[in-house]
1. Need one value for B:312-325: mean number of C-beta atoms belonging to other chains within 10 Å of its residues' C-beta atoms.
2. Region A:80-117: which GluC sites (Glu not before Pro) are DSSP loop and have at most 15 other beta-carbon atoms within 10 angstrom?
3. Distance from the Cα centre of region B:436-489 to that of region B:20-42, in angstrom?
4. Over the protein assembly as shown, give the accessible area per residue in Å² for a 1.4 Å probe, as an integer.
5. Starting from the eigenvalues of the Cα gyration tensor, five times each then square-rooted, give me the equivalent ellipsoid semi-axes of region B:1-136, largest first, whole Å.
6. Could you tell me the extents of chain B's C-alpha atoms along the three principal axes, largest first, rounded to whole Å?
7. Could you work out the mean count of beta carbons from other protein chains within 10 Å of each residue's beta carbon in B:479-488?
8. How many square angstrom of accessible surface are buried between A and B, both sides summed, with a 1.4 Å probe and rounding to 100?
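The values are calculated or read from the model by the stated rules, or taken from the named source; none is laboratory data. As the structure is a prediction and not an experimental result, all values here were calculated from the model. Here Cβ is always computed from backbone atoms with ideal geometry, including for glycine, and neighbour counts include all displayed protein chains. Note: areas computed on protein heavy atoms with side chains; ligands, DNA, RNA excluded. Shrake-Rupley method; radii C 1.70, N 1.55, O 1.52, S 1.80 Å.
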Amino acid sequence: MSENKLLEKPSKEKAEEIMREVGFEERLEAVKMTSMTGDKKKSIYSLKNLVNFLEVNKGINPFETNKKGGITYIDLNETVEWIKNTLNDKKLAYGIQSRLKEDESYMNNLNSIKPLLDQRFEQCKEVLNKV
Amino acid sequence: MNGYMGKILRLDLTNKQKKTISTSDYEEFLGGHGIGSAIFFDAVKDKTISPFNPKNVITLMTSPLSGTLAPSAGGRTEVQGLGPQPYPTEWFTRSNFGGRFSAMLKYAGYDGIVIEGKADKPTWINIVNEDVVFEDADGLWGMDTYSTQEEIWKEVSGNPSNSPEDREWYQKDRGRDDGRTTQKPAVVAIGPSGEKKSRIGALIHEAGNAAGQGGFGGVFGSKNLKAISVLGTNSIEVADPNALMKAREWIHENYEYDEEDPECEHPLDYGSFPGFSFITDAPGSGMGFWPKVEPARPQGCLSCPKNCRMRTESGYGSESICVEVVMYGGQSPKERYKSANLAQRHGINVYPISTTGHKYLYDLYKQGFLGENGEVETDLPFEKYGEMEFIRALLNKISSREGIGDDLSEGVVRAAEKWGRLEQDLSSGLLQRPNWGYPQHYDPRIEVNWPYGSILGSRDINEHGFNWDIHWIPQVSTMLGLDPVFDAEEVVDNVSNAVVPFEGNKSMFDFGEDNIYSKDMVKTIAWQRYYSRSWKQSVQYCDWFFPNFHNPSNSPTNQGFTPEAEPKFFNAVTGRNISFKDGMNIGKRIWNLDRSIWALQGRHRDMEKFADYVYEVPKKAPYFVSSKQNGEWKWENGKGRTLDRDKFESWKDRYYEFEGWNTETGRPTRGNLEELDLGYVADELEEKDKI
């Protein structure tokens, strides 16, 4: 799937399902690493949480001075499963999975899937009329 | 001895008495932490009292380098005493803050302040050279830390305003030769949180210098002490000013950033990732932690060439650089600035409530445990988590002890204990507090020098000396998918070259799964404990600048300035002639003195255990450290590791033996204390049946 190819817009019902905040037992565990605080666990409860959390790493170079310093880490395979089974967004999960490459670095993989996550988040907001 | 002012101010708040102690009685302990520990040992007869007992003694100590040009050591203040934050025992502990307070205290003529007793009403202390006055703080009680400082600046100067156009001489009623200055007094203050005796109350100096760990803000509150203000106009006698200037030039020319290109000093074109500017010492490195949304300029403590902080145009977040800047993520950059500011104003130690703290609360809310209908009822606006409204409400509640804030003001760990959650949440790792109730900092299952040092001490060590080199160098590049910017063997060579008296022992930096329980790792920990107690916390070279093992500015070897720099500046200022190794031996002596104080508080080896998750829950994320595999040095990924409980207990045996401590109790012995000329300490341990 190329970066330019958008997923089809979800229905209102589907968008609500994708955008909902899941329960404690359904959370996705993540780690934020910064040099002052070390690495700290974070809980991801929604697509919005996930998109915001990964924003730190956005771009080819996440460590420019005008970005937050740090690395945010999620297990990418776990993330695919979480999107597929917990958020129940199989199209997004498939789109992400098809972009992941085993021999690529974490950051390169992240950079290849982040636009898709952003697109999906914006689509859902639009469908739900959220700014 | 040069560098010292010769006297330490001793203030009895109960009787409003002031006297001085001769610094020369304690100079053998260097300064800062060493002198603080020695004074505490002498002054507090019963070391098992509560931190909130008026008999608890708090010391604020300078270094012989305070107020001089020694890089990074000119403005730091070491704070010690019984602290209410450590859990479950309120250990004798330490904190430290930067800025210019210690320099101003020296200019006023003192090497430190010893505070004892409890004032009968809110009080602040006004020190202007030899004049020391216990002032009424009724009008300041309830004010935040910024307003308190502004009021004191006005009071001391006699000026009605702090605006620059109205600025006049401070102490204008004095003649020029009696000591006038344009400098504001240096003030350290508590906010409402400290007044309420919070265990996470901090001491705040200026906008963002904080002694957070330990809970000394709460101790100040328990003593009815709102603030200490210092204004001095004396100068410090330096033994060899020429040697000091030459040393400063030497470090600048060989180890510091290029001032012609100050913002872009880094070994590769990675942008200014702070992990590398920590190593290259680019100014404003901490600015990488802030999204730049407004004009700002680098700012640093007195004499520091690193200037890791910044001042923003709006003033929000100015001078904040440590965990407060990442305390609360997810909101807009401006709101991040504001939330850091808010915590500073309340005088709250943000580390226990940042990241692992509020995240834990939200996890409990999601479980239905906290909330309006939860097992623990609270009206905290969890639906606004991630927005300013939530953190504002949380800080207000902690600061005022209102509602759930009363529990949280005791710290998250004690709150979890009260709620019946502590054991299960430490076991699962939902609450990541590996040692003494302090938040996990660097991973205790892999980068073990951090947790080992912490559990043998009284707090999270917060010492980054090895961390930049053996962890961050590979971590950044590997996560980026780049070849490591430096190979493991080169870095380990440079680190091991510098660790006098164990120089050349590369195995000390093998963080492979077996070697972390070895005799080599005993030496790693011992080196770090001695170094920290002497050069870092007594001479007070800043953790962000010293030690310096691997320095890309010093090509082609990239060898850092440790162990050459530490005694160079110290000797130039004091006129002494000690070696780096001499300093390490003094550090060992101070470490053993501290260890004896903890023994007197009841410390036993059985207490030196980590939270269960460290042993039981594997590390989930990639975590790179140096390691030797099949004869080759590599950057090893420690993902999946846990710490082995039995092997760690065996490692403790090895460490206690190395120190000459009793392996059954973990306490110092008479033999080892007498070897360190601490026979008088052994006497007290014997008297209290703790040896």
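1. Average neighbour count from other chains, rounded to a whole number: 1.
2. A:E102, A:E104
3. 32
4. Using a 1.4 Å probe on heavy atoms only, each residue of the protein assembly as shown averages 35 Å².
5. Each semi-axis is the square root of five times an eigenvalue, giving 23, 18, 14 Å.
6. Each principal axis gives a Cα extent; for chain B these are 74, 68, 61 Å.
7. Average per residue, whole number: 3.
8. When A and B are taken together, about 3700 Å² of accessible area is lost.
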